[in-house]
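Since every read-out is calculated from the coordinates, none of them should be taken as a lab result. The structure displayed is predicted, hence computed values, not measured ones. So basically every Cβ, Gly included, is an ideal-geometry build from the backbone, and we count neighbours across all protein chains shown.
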Amino acid sequence: TSPAGPARIAHGVGSPGRAAISAPHLRTDRWWLPPLVSALGLAAFIGYSTWRAFANTHYYAAPYVSPFYSPCLASNCTDMNGGADWHLFGNWWGLSPALLVLIFPLGFRLTCYYYRKTYYRAFWLSPPACAVAEPHASYTGETRLPLILQNIHRYFFYLAVVVAGILSYDTVLAFRDPHGNWGHAGLGTLVLLVNIILIWAYTLSCHSCRHIIGGKLRHFSAHPVRYRMWGWVGVLNGRHMLLAWSSLISVGVADLYVYLVSSGAFDDPRFF
Ligand code: FES
C-alpha cells in the first residue's frame, strides 16, 4: 500500500509528487448540493424545452408568440399577424420551425462561461466542486476538440443580440389586442416583458460582451463612453449566474404561458 492508503489513485491529485492525503477531499460542507441542484434544474429545462421544440403546436396565442418559436422561419409556421414569421424556409421543411432558431440561444447558453462551469460540475464532475478531485484520469481542459469549440462563444453572443432584438419586437407587438389594435396589455404582455428584460440583462452581462465593450483599451480616459458602458456591463456581469438562471426560467415560463393560452387552458387576463 502507498502512504496514502489503498484507495489512493495514481493520477490527478493522487499523482506522485502531490501531497499524500488519504481522504478523497477535506471539505466538510454540503459541497454536493450546488451541482445536484444545477443538474436537476438543467435536466428539467432540457426535458421541457425538447418537448416544446418538437411539439410544433400551440406556440402562438394572438398577440403572444412563444420565444421558442421566434423568429419563425419556415413556411409551415402559424400566421402571426405581422409578427416575426418570415417563411425563409420553403415547404420542404416539414419539422418543427423551433428547430431552426433554437440552435442560436442553445449555442449561446451551451458555450456560456457560467453554464460551462455548471454543467462540467453537474454532469461531468470535472471537478464536481472546488477542492474535490474529479474522477477522470486525465485533464485537457478546453484545449482540443470538441471543447475547443467553446471559443466560438463570442460569435454566439452576436447572434444572441439579434435574437434578443427579435424577441423585443415580439414584446412590442404584445401591446396589441388579438385583432391588431394597439393599447392592449394582458398578463401575457407582462410575462413577455419580464422575459425580454431578463434576456437582455443576461445577454449584456456576458463575459464576451464585457470584453467587446471594454477590452483592448490602453487608456480608459481616452474612451469615456466605452468606460462608462463597461462599468454598467460589469455590474450586470457580477450577477451573471443569477441572470443565467432567471432568464432560463423566464423563457420557459413565457413559452408555457403561450402554450396554456393557445391550448385553451385559460383566457389571458386583460389589464387594459
Ligand atoms: Fe455567459 Fe457569455 S459568458 S453568456
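Structure summary
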item: Theoretical gain in end-to-end length, residue 145 to residue 110 [0.36 nm per residue, Cα-Cα removed]; result: 11.1 nm
item: Cα gyration tensor of region 126-251 - equivalent ellipsoid semi-axes, whole Å, descending; result: 34, 22, 14
item: Isolated Cys residues of the chain, judged by Cβ distance under 4.7 Å to other cysteines; result: 112, 130
item: Chain lengthening between residue 124 and residue 227 when straightened (0.36 nm per residue, less Cα-Cα); result: 33.3 nm
item: Stokes-Einstein D in µm²/s, Kirkwood radius over Cα pairs - region 1-150 at 37 °C with 0.692 mPa s viscosity; result: 172
item: Pairwise centroid distance, computed over Cα atoms, of region 31-56 with region 196-272, Å; result: 20
item: Mean projection area, nm², convex hull over Cα of the chain; result: 20.1
item: The chain: relative contact order as a whole-number percent, Cα under 8 Å and 6+ apart; result: 22
item: Ellipticity estimate at 222 nm from DSSP helix runs (n ≥ 4, -39,500 (n - 2.57)) divided over the chain, nearest 500; result: -15500 deg cm²/dmol
item: In region 141-240, the trypsin sites (Lys or Arg not before Pro) that fall in loop regions by DSSP, at most 13 other Cβ within 10 Å; result: 144, 216, 218, 239
item: For 157, 108, 54, order by how many other beta-carbon atoms lie within 10 Å, fewest first; result: 54, 157, 108
item: Rg and Dmax of region 172-228, Cα atoms only, in Å; result: 18.2, 54
item: For region 67-78, Karplus couplings with θ = phi - 60° (6.51, -1.76, 1.60), whole Hz, Gly/Pro x; result: x, 6, 10, 10, x, 8, 9, 9, 5, 7, 6, 5
item: Whole-Å semi-axes of region 149-197's equivalent ellipsoid (Cα gyration tensor); result: 30, 10, 6
